[in-house]
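Here's the structure, in structure tokens; my notes come after.
The values are calculated or read from the model by the stated rules, or taken from the named source; none is laboratory data. Every value quoted in this text rests on a predicted model; they were computed, and no experiment measured them. Don't worry about glycine lacking a Cβ; one is built from the backbone with ideal geometry, like all the others, and counts go over all protein chains shown. Just the protein is used for accessible areas: all its heavy atoms, side chains included, with ligands, DNA and RNA removed. Shrake-Rupley method; radii C 1.70, N 1.55, O 1.52, S 1.80 Å.
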Amino acid sequence: MKQNVYISGAEPQSGKSLIALALMERLSSRTEKVGFFRPVIRDGKSRDSLIHLISTRYQLELGYDEMYGCTTETARQLISADRYDELLKLILEKYKVLEKQCERIVCTGTDFTGVPSALEFDFNADVANNLGCLMVPVVRGFRRSPSEIVDATTTFEVALQERHCDIFAVVINRVGQENTGEVSELIKHAQTIEVPIYVIPEEPSLGKPTIGDISWALNAECIYGDAEALNRVVMNYKVAAMELPDFLDHIDEGSLIITPGDRSDIILGSLISYPSAGYPQIAGLLLTGNLTPATQVTRLIEGLGTVPVAVLNVATDTFTTAMHAHAVPPVLTPDNERKIAAALGTVEKSIDLEAFEQRLATTRSTRITPLMFEHELIQTAKANLQRIVLPEGSEERILRASEILTLRGVAELTLLGDPDEIGNIIKALGLSLDQIQIVDPQRSPWREQFAESYFKLRQHKGISRDMAYDAMVDVCYFGTMMVYHDLADGMVSGSAHTTQHTIRPAFEFIRAKPDVSIVSSVFFMCLEDRVLVYGDCAVNPNPTAEQLADIAITSATTARSFGIEPRIAMLSYSTGDSGKGDAVDKVKEATRIAKRKRPDLQLEGPIQYDAAVDASVAKTKLPGSDVAGKATIFIFPDLNTGNNTYKAVQRSAGAIAVGPILQGLNKPVNDLSRGCTVTDIVNTVAITAIQAQGS
């Protein structure tokens, strides 16, 4: 999948539609299937003008409903109900459906209508991050001095960086013709990020509405005028209240004449003035009060032949009409080739779209947000259904998660426990789990077979046949043996059992893969705007350098299988050669071993946590590193450090810790926290199913 872009205005009237149009013009001629997407549109009753323009001009073979996430009303309802994450999930789901159909997608942000700009800025940043798009912010230069433009641009850049957005380029649009050179020079010295910055001059005609825009916005009736007349640009507005001779002295080029429909003198005088060499050419007439010209006047107008300009009629009074007309924004429409040509020409003179496209082909966002992570988990698990056994079948959270997993088709589940007891709990909770398999270990015909297998596998450890038979009553042993005998592809437990209880059977007879020297664990740490991998925080108290290297390599494989680009930080209390001691030497040796075994991996160590995660610290402590400041995998030197760190981040930063996820076993068995939520269980089952797909 190629990288997609998200074009967002920094504020109202930035002109982001022009940038979207120019990029679509470029990509549609070079890519077989280009898509267009808006996260939120104003309403579902009237078509979104930008979607209409893009889909019509480039003949997109997509349904209108496929090209937007939701309406403004839906967004407001979810936000007011404190369901912001649900709104982002809704948009992400719609976007992912579109992404499957397209080679490339151009996304355009919201319009800054009806909500504070700061809130809309945060929303667009969140959407761009969760869609995995590179952001192209568009800053308004209109009616700003060069210094004001530069201040606005740098402020916006810093704000986006604080939101951890991947900025691809910055566009400063609608800059006064006389200021473009100065702005270009000033921004070179002031910009805070190393990305291209383009300065586009103001094209006056693009900032003005057409007669057609006003007709549509005011729901006017067009009495006279063809399509070309409706495409005329309105440069100014004139309310005709004077007598005709005085009025004629006040008309300007491109004036929209607003007058009551019974002012025959103004109507005729305006129409006759158009072809006259002595007067400027008006844009059109807007008649008010639901009054139309008298029959005699109509005959005179028709006697002119082709009426040179559009004549519109509205029901509102002159004052109200003038206010409404002034408020109509300019809109690009697919039938206005002149305006589209002006827009494309303006952008293409200022942006090298060929270089823009080439750079886009080689630039990729590697960010995985928690919502993206969760979405991909579910979709990947659904693509190849696996059988997962859940030993704690009578636990309420397990049952609620089972319903979600079953309804979404994530996995085929087996619950362990007394069928009557579990059935009664399901009824009491009002859940829909009629088709789920429930197995009672005490009465199962598999118990004898499992006991015999366990005896043969562990008799060298003093396990007798009777002990093996008794052990198979334990749901964790029974569930793990189902995995061993291929009656299930994976197991998830731990909501009511300790970690040791859950994973001991797997260590006894599932065992490690032949190429893995040590079974370890990782946590997926879901922060607000990204997902990081922490290992090992749950299994190995004090791994050797060799084991630490293997944990790093295995963690990289795990991360990549879940869509996270591995950039590994081998953590220590020193960075580079700044510190000494046995603990530092162990990390240095582990780093050396890991690089020798897997030279293809991006790996850095020893490195401190702040240098691994913070770009500004990385520039000071380890400049030039491919990992420092942007690590995605954090390998802790021992269990004490790792376990305390993940819990500190979880509690202090409000992160969601998914795991521990065991890695290196022949078949997947995973542990839940006893404080886990239903969502944690759903995610862990999906992770286990994905691990099973690759085992």
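Numbers below:
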| item | result |
| --- | --- |
| Pairs with Cβ under 6 Å, 6+ apart, first in the range 50-78 and within 13 Å of Leu90 (Cβ to Cβ), second hydrophobic (A, V, I, L, M, F, W, C) and in a helix (DSSP H, G or I) | Gly69/Ile91; Cys70/Leu90; Ala75/Leu87; Leu78/Leu87 |
| Elements of type helices (runs of 4 or more DSSP H) in the range 105-215, at least 2 residues being among the aromatic types (Phe, Trp, Tyr) and within 30 Å of Lys94 (Cα to Cα) | 117-131 |
| Pairs with Cβ under 7 Å, 6+ apart, first in the range 617-630 and closer than 17 Å to Asp577 by Cβ, second crowded, with 17+ Cβ neighbours inside 10 Å and of a type in the set (Val, Ile, Thr) | Lys621/Thr575; Leu622/Thr575; Leu622/Ile607; Val627/Ile568; Ala628/Ile607 |
| Selection count, the range 303-317, where residues are within 19 Å of Ala241 (Cβ to Cβ) and either at pLDDT below 85 or surrounded by fewer than 19 Cβ atoms within 10 Å (Cβ to Cβ) (or both) | 2 |
| Within the range 495-513, considering residues that are among the charged types (D, E, K, R) and assigned to a helix (DSSP H, G or I), the one least open to solvent (accessible area, probe 1.4 Å) | Glu508 |
| Every residue from the range 608-619 that is farther than 13 Å from Thr632 by Cβ, of a type in the set (A, V, I, L, M, F, W, C) and buried (at least 17 other Cβ atoms within 10 Å of the Cβ) | Ala611, Val617, Ala618 |
| Matching option when the condition is farther than 30 Å from Thr677 by Cβ and not in a helix (DSSP H, G or I), among Val492, Val516 | Val516 |
| Any hit, the range 530-549, residues being small (Gly, Ala, Ser), more than 22 Å from the chain's Cα centre (by Cα), closer than 14 Å to Thr591 by Cβ and open to solvent by less than 10 Å² (accessible area, probe 1.4 Å) | yes |
| Near pairs, Cβ below 6 angstrom, 6+ apart or cross-chain, from the range 580-592 (closer than 14 Å to Ile551 by Cβ) to any residue that is open to solvent by 10 Å² or more (accessible area, probe 1.4 Å) | Lys586/Ala545; Val587/Ser572; Val587/Gly605; Val587/Pro637; Glu589/Ala545; Ala590/Ala545; Thr591/Gly605 |
| Selected residue (only one of Asp246, Asp265, Asp252 is part of a loop (DSSP other than H, G, I, E, B) and more than 29 Å from His52 (Cβ to Cβ)) | Asp252 |
| Filter result for Ile7 (among the β-branched types (Val, Ile, Thr) and not in a helix (DSSP H, G or I)) | yes |
| Filter result for Val539 (without any contact (Cβ under 8 Å) to a residue 24 or more places away in the chain and in contact with a strand residue (DSSP E or B) (Cβ under 6 Å, 6 or more places away or on another chain)) | no |
| Residues within the range 68-84 that are touching a Leu at 6+ places or on another chain (Cβ under 8 Å) and open to solvent by 100 Å² or more (accessible area, probe 1.4 Å), tallied | 0 |
| Test: Val307 is of a type in the set (A, V, I, L, M), more than 43 Å from the chain's Cα centre (by Cα) and part of a loop (DSSP other than H, G, I, E, B) | yes |
| Unmet requirement for Gly430, which otherwise passes all of (1) in contact with an Asp or Glu (Cβ under 6 Å, 6 or more places away or on another chain); (2) of a type outside the set (Ser, Thr, Tyr); (3) over 19 Å from Val669 (Cβ atoms) | (1) |
| Residue check, Ile266 among the hydrophobic types (A, V, I, L, M, F, W, C) and under 18 Å from Asn313 (Cβ atoms) | yes |
| Residue that is surrounded by fewer than 19 Cβ atoms within 10 Å (Cβ to Cβ), closer than 25 Å to Asn4 by Cβ and of a type in the set (A, V, I, L, M, F, W, C), where the choices are Ala381, Ala327, Ala343, Ala361 | Ala361 |
| Among (1) under 30 Å from Gln13 (Cα atoms); (2) surrounded by fewer than 20 Cβ atoms within 10 Å (Cβ to Cβ), the one test that Asp262 misses | (1) |
| Restricting the range 265-302 to residues that are of a type in the set (S, T, N, Q), in contact with a helix residue (DSSP H, G or I) (Cβ under 9 Å, 6 or more places away or on another chain) and at pLDDT below 90, the residue that is surrounded by the fewest Cβ atoms within 10 Å (Cβ to Cβ) | Gln296 |
| Residue that is modelled with pLDDT under 90 and either in contact with a His (Cβ under 6 Å, 6 or more places away or on another chain) or open to solvent by 40 Å² or more (accessible area, probe 1.4 Å) (or both), where the choices are Pro599, Pro623, Pro660 | Pro623 |
| The range 217-254, residues that are under 51 Å from the mean Cα position of the chain (by Cα), within 19 Å of Pro293 (Cβ to Cβ) and small (Gly, Ala, Ser) | Ala220, Gly225, Ala229, Ala240 |
| Any chance Leu332 is on the phi < 0 side of the Ramachandran plot and either open to solvent by less than 80 Å² (accessible area, probe 1.4 Å) or touching a Gly at 6+ places or on another chain (Cβ under 6 Å) (or both) | yes |
| Qualifying position, being on the phi < 0 side of the Ramachandran plot, within 10 Å of the chain's Cα centre (by Cα), at pLDDT 90 or above and surrounded by 14 or more Cβ atoms within 10 Å (Cβ to Cβ), among Leu90, Leu98, Leu134 | Leu134 |
| All positions within the range 157-173 that are touching a residue at least 60 places away in the same chain (Cβ under 8 Å) and surrounded by 24 or more Cβ atoms within 10 Å (Cβ to Cβ) | Val171, Asn173 |
| One residue from Leu457, Leu415, Leu431 being closer than 25 Å to Leu662 by Cβ and either open to solvent by 20 Å² or more (accessible area, probe 1.4 Å) or basic (Lys, Arg) (or both) | Leu457 |
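A quick yes/no check of all residues on (1) outside any helix (DSSP H, G or I); (2) of a type in the set (Phe, Trp, Tyr); (3) modelled with pLDDT of 85 or more; (4) out of contact with any Leu (no Cβ under 9 Å at 6 or more places or on another chain):
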site	(1), (2), (3), (4)
Gln3	yes, no, no, no
Leu21	no, no, yes, no
Glu32	yes, no, no, yes
Phe37	yes, yes, yes, no
Ser46	yes, no, no, yes
Ile54	no, no, yes, no
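Results for (1) touching a strand residue (DSSP E or B) at 6+ places or on another chain (Cβ under 8 Å); (2) over 18 Å from Cys526 (Cβ atoms), shown as yes or no for each residue.
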| position | (1), (2) |
| --- | --- |
| Arg592 | no, yes |
| Asp600 | no, yes |
| Leu622 | yes, yes |
| Ala655 | yes, no |
| Leu665 | yes, yes |
| Cys676 | no, no |
| Ile681 | yes, no |
| Val685 | yes, no |
